[in-house]
Amino acid sequence: MIRASRVKSDRAAPNGGSDAEMGATTGVAQAMQLELAYQTTIEGKATVQVRGELDIATADQAYAYLRDVVDSQQGPVTMDLAGLTFCDAAGLGVLARVAGHAKRSGRSLKLTAARPSLLRIMRITGLDETFPELRSSALTMITLPRQATATPV
């Protein structure tokens, strides 16, 4: 289940609907897989808080929500990944697709607070080139190849 909302002067989804319309309630026994919420400052900067698992089960809804956030903003959008506990290949695809959409739309999208395990896989796949703000001196010390090379037999 995805829980998504916008926080400003009211709590509403990017399309103007309410949390309840987006199925934001969950039973105690059912764990929330992914929660997305964004807040816009007076200066027009938006920050999306990402909590939970960005994976094949949540990828399509997450992409649609993030694309809507990017489209609804005039200023830069930052995704705070501190609460992201798991990200599979589908989740990496969401990050790449949202980055491409933001670039085509002339918008700025940045990632912050990514965990070391996510940074490592982004480095291996080359996705870190899309988000240069994630590069650090610790990552440049990792000497893993970006892709495997085949040697002729």
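The values are calculated or read from the model by the stated rules, or taken from the named source; none is laboratory data. Because the structure is predicted, anything quoted here is derived from the model rather than measured. Glycine gets a Cβ as well: all are built from the backbone with ideal geometry, and neighbour counts include every protein chain shown.
Observations on the structure shown:
- Those helices (runs of 4 or more DSSP H) lying entirely in segment 25-133 with at least 2 residues among the polar types (S, T, N, Q): 59-72, 116-125
- Scanning segment 107-130 for residues being touching a strand residue (DSSP E or B) at 6+ places or on another chain (Cβ under 8 Å) and either of a type in the set (Lys, Arg) or modelled with pLDDT under 90 (or both) gives a total of 3.
- Positions within segment 126-135 being in contact (Cβ under 8 Å) with a residue 12 or more places away in the chain and within 16 Å of the chain's Cα centre (by Cα), in sequence order: Leu127, Thr130, Phe131, Glu133, Leu134
- For segment 38-56, a tally of residues being at positive phi and out of contact with any Gly (no Cβ under 6 Å at 6 or more places or on another chain) returns 1.
- Residue that is farthest from Thr112 (Cα to Cα), among those in segment 47-71 that are in contact with a strand residue (DSSP E or B) (Cβ under 9 Å, 6 or more places away or on another chain) and among the β-branched types (Val, Ile, Thr): Thr58
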